[in-house]
Amino acid sequence: MLALWRTVRQLMTVLPAGTRRFIATFAVLQSLLAVLDVAAIGLLAIVLAPMLTGQELTLPVVGITLGEPQDFGVVLLIVGSLIVLKSVLAISLQWWATRRFARFEQVLGARLLAATFKAPWTERLSRNSTDIIRSTDVGVGSTVAGVLIPFCQLSGEVFTFVAVLAVLLVAQPALATATIIYFGIVAFLLYRVVLRRAVRAGQDNRKFSARAMRLVSEMVHSLKEVTLRDKSQEVADTVLKVRRRASLARANQNFLGVIPRYVLEAALVGGLIIGGLIGYLQDGVTGAVTAIALFGVAGFRLVPSLTRFQTIMGQTGANMPFAEQVLEEIERGKEYVDAELTGGNEPLPGGARTLRLDRVTFTYPGASTPAVKDVSLTLPFGHTLALVGASGSGKSTLVDLILGLLHPDSGQIYVEDRPLPDVLKAWRSRVGYVPQEVTLFDATVARNVALAWDDANIDEDQVRRALDRAQLLDVVESRPDGIHGKVGERGLQLSGGQRQRLGVARALYTDPLVLVMDEATSALDTSTEAAVTSAIRELSGEVSVIVVAHRLATIRHSEQVCFMREGELVASGTFAEVVAAQPDFATQAALAGLT
Ligand SMILES: Nc1ncnc2c1ncn2[C@@H]1O[C@H](COP(=O)(O)OP(=O)(O)OP(=O)(O)O)[C@@H](O)[C@H]1O
């Protein structure tokens, strides 16, 4: 209960202003509905026994005496009206509240995504993408539907419970005391025996469902290899094992979830006997009938209320880890969002002519040796620079540093004379990046090139120009619907080479100052690669090109070749100069038939 209170208070700090007021208003309105409900039930409870036994009754508080059957008829009409009124008001309240809760979900989702996207690259590298997707979807949904909404409903249940007991206390103090003790013991036992297990089952369900989803996602991505190596059965068995634990936990959660209802319903019988006994001891048979009627009506309101209370506690207990995770991520992301608001917003210096790396060193968190060590180089804008070296020599890391995704531990990168962190936003908007494997989304060619999810933000002429420069316009225009044709899931309706060229077009769409190609043409056939490379070479002069390539034919005409070994830049110059300076590079060049 305390943990729930703490979590909800923390949630308030990340939800829009006015949430606290909304929750308070919602609680008050729920309580008022409970008053209407209890007034109806209380009235019924008080008049039931005299009506059945034909006795006169003076209503407490208002002091009206009822004796004739039509008097009781009027009271029954009032009871019915109160119940209908409560239902209408409850529906209106639900309509209003569900809209607000939907809004809360949107705000939480947006904050969480912002926190995820603003996190430093090193942190994002350490996260599993399926976990991120699950957190922003199921996590946010569960925080609102599994924690916030049940918490808000709690006040109504507590108030109903208290109000029913108040009615009982006024009508029959001894009976009320016995009820509190009796249901208190039942509720405590339910908490100890059932609720704790239900919470644990809910947490297990969450843990194993997440694991199963991660496994399936990983397996779908390696479907081809799994099929070829005939591993489908092994995969199915592994997923089944995890699923079994998730579904067993879910089954336990569902089973334990319904137990309180049946236990409490059964306990009502015991309560009726105790109530009847107390009434009999106080006032003989009439006392017993009155007490049973009173307890019966009150109990039928108390039991659902207690059941919902238990359900809410179970539900919030199981979902709290989701909320805690969402809150933790938003909290962590806050500092990045703030940092972004305060830094990196300056414009690029006018007439910038060079990108300069000055003794840049970077070590990945947890690694013992730097991936990039003491690298200094200057790239005049408009030139082409090739990064070469053995696998693991630090080329991609250096590229990520130049892109501003990673930040040097020591040394600095300058655009002209401005440190990169000062102009980071403007810099990122002017670098085009083509990865080794371009990720396309299931949308039109135009949307993929413009990296836009709304056609209104697409400049179609620019899309055609970028496709043309990437040697892909003819292919696209020969397809049905041209640039408006879809590319399929992950671009699977295109060939590997076409996907890569679409990636090049995407990078060129924003008229970059620097185009970074990280093994971007290695999937292309030699003639397409030659065509793309020559198209890119034509760009030099207007665009600086940084190429990472293992195929040396791709980079032999680069104005500057930088050879890396174990994170260090060991030689730089023209292709011929590096061949002359580095025997192992010369060997590779010879093997490629380039010397
Ligand atoms: N996210 C990471 N966390 C820790 N170490 C990493 C990470 N990414 C790369 N490394 C390590 O940093 C070093 C440089 O890796 P990098 O990817 O920059 O090499 P590369 O020259 O681009 O290799 P390749 O040609 O195979 O792509 C390697 O030793 C690698 O294991």
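Miscellaneous remarks
- Test result for ALA466, among the hydrophobic types (A, V, I, L, M, F, W, C), in a loop (DSSP other than H, G, I, E, B) and not assigned by the TED database to the domain that holds HIS221: no
- Complete set of residues in region 347-378 that are away from the ligand (no atom under 11 Å from the Cβ), buried (at least 16 other Cβ atoms within 10 Å of the Cβ) and within 16 Å of SER396 (Cα to Cα): LEU357, VAL360, THR361, VAL375, LEU377
- Within region 532-558, tally of residues that are out of contact with any Gly (no Cβ under 9 Å at 6 or more places or on another chain), away from the ligand (no atom under 16 Å from the Cβ) and part of a loop (DSSP other than H, G, I, E, B): 3
- The condition (being more than 16 Å from the ligand (Cβ to nearest atom) and in contact with a strand residue (DSSP E or B) (Cβ under 9 Å, 6 or more places away or on another chain)) is satisfied by just one residue among PRO408, PRO419, PRO435: PRO419.
- Cβ pairs under 9 Å, 6+ apart, first in region 360-376 and free of Cβ contacts under 8 Å to residues at least 12 places away in the same chain, second within 9 Å of the ligand (Cβ to nearest atom) and not basic (Lys, Arg): GLY366/SER126
- Residues in region 496-531 that are away from the ligand (no atom under 16 Å from the Cβ), more than 17 Å from VAL445 (Cβ to Cβ) and among the hydroxyl-bearing types (Ser, Thr, Tyr): THR526, SER527, THR528.
- Elements of type helices (runs of 4 or more DSSP H) contained in region 115-201, each with 3 or more residues being on the phi < 0 side of the Ramachandran plot, more than 16 Å from the ligand (Cβ to nearest atom) and β-branched (Val, Ile, Thr): 149-171, 173-190
- The single condition from (1) within 16 Å of the ligand (Cβ to nearest atom); (2) in contact (Cβ under 8 Å) with a residue 12 or more places away in the chain that PHE322 fails is (1).
- Tally of residues being closer than 29 Å to ASP511 by Cα, of a type in the set (S, T, N, Q) and near the ligand (Cβ under 9 Å from one of its atoms) across region 379-396: 1
- Some residue of region 33-44 being more than 19 Å from PHE300 (Cα to Cα) and in the same structural domain as SER155 (by the TED database): no
- Residue check for VAL399: buried (at least 17 other Cβ atoms within 10 Å of the Cβ) and within 16 Å of the ligand (Cβ to nearest atom): yes
- Only one of the listed residues (GLY317, GLY279, GLY270) is in a helix (DSSP H, G or I), surrounded by fewer than 21 Cβ atoms within 10 Å (Cβ to Cβ), assigned by the TED database to the domain that holds LEU52 and touching a residue at least 40 places away in the same chain (Cβ under 8 Å). That residue is GLY270.
The values are calculated or read from the model by the stated rules, or taken from the named source; none is laboratory data. Note that the coordinates shown come from a computational prediction; the quantities given were computed from them, not determined experimentally. For neighbour counting, all protein chains shown are included, and Cβ atoms are generated from backbone atoms with ideal geometry for every residue, glycine included.
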